[in-house]
Amino acid sequence: MDYELGCRLPVADWVWLNRTGAFRDPALRKYVSAFPPPELMQNVSGLVAEEDFASHGADFYLALTAASPIPLTDYKKILDFGCGCGRLARMFKGHPHEIDACDVDYRHVEWIGQNLSFLRASRSEVSPPLPYKDGQFDAIVSISVFTHLNEKSQDEFLSELFRVSQPGARLFVTVHGERALHRARTEPAIWDMVAVDRDLFQHACDDFSQGKHAFIPQRGHLTTKAPARFLDVFRRRKVISRPFEYGITFIPEGYVRAQWSQWFDIADYRRGALHSFQDLVVLTPKK
């Protein structure tokens with residue numbers, strides 16, 4: 001098998017190489033992408049082991065493959081919006097066309113720029129515009145970004161992704177829907193991961209039950225501010241250029257279909273597509 005093909009391999013073989021082969025046989029490691037240092041992996045995923053990080057990336061790649069109407073390698077210009085330190089982007093090694101990736105954390109962008117030569121990494125800001133042309137991309141992927149935005153930021157970036165997408169493009173965006181909220185309510189390990197105030201969480205549950213966007217501030221690595229109404233203090237971190245309200249967001253499917261339809265048609269809605277937790281929404285721009 002020609003492992004130099006990277007993601008042009010049959011999907012099952014490429015996923016096996018990344019998830020298993022590169023760890024079983026050291027001679028195969030050169031065919032997969034480099035791994036970020038543990039502190040960067042932990043920033044974006046809570047993981048520190050390379051094997052776990054690789055497995056997550058493989059899971060995401062499989063979920064996108066299942067949701068896409070064409071092979072991922074057929075897209076000519078892909079944007080990984082909110083790429084982190086490459087959990088998914090690593091999987092595009094060997095892609096025959098153009099891959100761009102952007103993130104607000106300069107540490108992530110710097111690492112990707114130095115280690116994943118098959119894509120272009122750019123620094124983005126906590127609000128639009130993105131550093132791309134109108135109609136530049138025929139595919140946009142956004143994993144675990146809209147799961148952390150307040151409603152104002154959500155709408156700003158939906159509008160911006162509409163701007164940079166081509167007519168007929170496919171966008172693959174994850175959200176926390178009913179499945180994620182249920183697991184946060186009922187599973188102690190998920191509750192610990194969410195790590196928010198219980199009263200604020202209950203308020204968010206009430207908003208969700210009424211079909212509303214439900215945002216709760218978190219002490220995440222990007223948190224630099226929070227509204228006074230949350231009565232909490234967040235330590236300022238100098239990893240982004242401007243203040244940012246970071247949190248965890250739960251939004252009902254009905255809200256997505258109604259609110260997001262200002263810019264996009266909902267081509268598919270896959271509940272729990274990522275680890276039986278995040279929903280995957282497939283969008284096409286109304287162009």
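All but one of (1) out of contact with any Lys or Arg (no Cβ under 9 Å at 6 or more places or on another chain); (2) in contact (Cβ under 8 Å) with a residue 12 or more places away in the chain; (3) surrounded by 13 or more Cβ atoms within 10 Å (Cβ to Cβ); (4) more than 30 Å from Gln218 (Cβ to Cβ) hold for Thr73; which doesn't?
It fails just one condition, (1).
Being modelled with pLDDT of 95 or more, over 27 Å from Asp134 (Cα atoms) and not aromatic (Phe, Trp, Tyr) is true for just one of Gly247, Gly220, Gly254. Which residue is that?
After applying the criteria, what remains is Gly254.
For the range 28-61, what are the residues that are of a type in the set (Ser, Thr, Tyr) and buried (at least 20 other Cβ atoms within 10 Å of the Cβ)?
Tyr31, Ser33, Tyr61
Could you please find all residues in the range 96-142 being closer than 15 Å to Arg163 by Cα and among the β-branched types (Val, Ile, Thr)?
Those that are closer than 15 Å to Arg163 by Cα and among the β-branched types (Val, Ile, Thr): Ile140, Val141.
Residue by residue, here is whether (1) among the hydrophobic types (A, V, I, L, M, F, W, C); (2) surrounded by fewer than 16 Cβ atoms within 10 Å (Cβ to Cβ); (3) on the phi < 0 side of the Ramachandran plot; (4) free of Cβ contacts under 8 Å to residues at least 60 places away in the same chain holds:
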| residue | (1), (2), (3), (4) |
| --- | --- |
| Asp105 | no, no, yes, no |
| His108 | no, no, yes, no |
| Trp111 | yes, no, yes, no |
| Gln114 | no, yes, yes, yes |
| Ser117 | no, yes, yes, yes |
| Ser127 | no, yes, yes, no |
| Tyr132 | no, no, yes, yes |
| Phe137 | yes, no, yes, no |
| Val141 | yes, no, yes, no |
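On the basis of being of a type in the set (Lys, Arg), outside any loop (DSSP other than H, G, I, E, B) and surrounded by 15 or more Cβ atoms within 10 Å (Cβ to Cβ), does Arg170 make the cut?
So Arg170 fits the description; yes.
The values are calculated or read from the model by the stated rules, or taken from the named source; none is laboratory data. Keep in mind that what you see is a predicted model, and the values were worked out from it rather than measured. Cβ: placed from backbone, ideal geometry, glycine included. Neighbour counts: every protein chain shown.
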